[in-house]
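The values are calculated or read from the model by the stated rules, or taken from the named source; none is laboratory data. Bear in mind the structure is a predicted one, so any value in this text is a computation, not a measurement. In this analysis, Cβ positions are derived from the backbone assuming ideal geometry, glycine residues included, and neighbour counts consider all displayed protein chains.
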Amino acid sequence: MAAKTMSGARAKVAIVDPTTGQAKVVGIWNNFSYNVNHDVQPAFILGRFSAAELVTTGVEPVSITAGGWRVVDHGPYAEGRLTNVKDLLTQEYLVLSVIDRQTGKTIAKIHGCLPTGFSSGLSSRQLQESTNTYMGLLMDDESTVNTEASSAADLP
């Protein structure tokens, strides 16, 4: 019987190149985390000690951290798609996907991603690690597609 629980050994992470539309699995990362937060505000009214209601007022951008091994010729600009300074005005959104290699399902698909930075360090007798960070607009999983309602405002 195949395991139903997701694990790191089953996960592959791919970045979709916006210029070609091709997905490329990033083989240097050994950890990948993403975080989705909803903004919830309490409504306090006069004559009451506790909140009268909780109201969801927004969804924060998705925070993404991808860490892995620093491989020569496969650094943060090549594998991690960090934007070169000369291309900042023309950069396009990336799509990051976490794929379950056992079932082939996309566990997380984060749309509208831009790289926000990277860090790296060296220690004696250790492999060099590098961490890339990204921010994305919305995340889908295997059971949900997140989109704004058709009545939502948008940039012209």
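Remarks
- Given (1) at pLDDT below 95; (2) among the aromatic types (F, W, Y); (3) farther than 24 Å from S119 by Cα, index of the condition F44 fails: (1)
- Residue within the range 137-156 that is under 12 Å from the mean Cα position of the chain (by Cα), under 20 Å from K24 (Cβ atoms) and not small (G, A, S) present: yes
- Of all residue pairs spaced 6 or more apart or on separate chains, those with beta-carbon atoms under 8 Å, a first member in the range 36-63 that is within 21 Å of M135 (Cα to Cα) and touching a residue at least 40 places away in the same chain (Cβ under 8 Å) and a second member that is in a loop (DSSP other than H, G, I, E, B) and of a type in the set (D, E) are V36/E60.
- Residue check, N84 touching a strand residue (DSSP E or B) at 6+ places or on another chain (Cβ under 9 Å), closer than 20 Å to T116 by Cβ, free of Cβ contacts under 8 Å to residues at least 40 places away in the same chain and exposed (fewer than 13 other Cβ atoms within 10 Å of the Cβ): no
- Consider the range 93-134 and keep the residues that are part of a strand (DSSP E or B), closer than 18 Å to H74 by Cβ and without any contact (Cβ under 8 Å) to a residue 24 or more places away in the chain. The one that is nearest to the chain's Cα centre (by Cα) is S119.
- Listed here are the strands (runs of 3 or more DSSP E) enclosed by the range 1-84 that have at least 1 residues being touching a Pro at 6+ places or on another chain (Cβ under 8 Å): 53-59.
- Selection status of L155, of a type in the set (A, V, I, L, M), loosely packed, with under 15 Cβ neighbours inside 10 Å and part of a strand (DSSP E or B): no
- Scan of the range 50-90 for residues that are under 18 Å from A23 (Cβ atoms) and not aliphatic (A, V, I, L, M), ordered by number: G68, H74, E79, G80, R81
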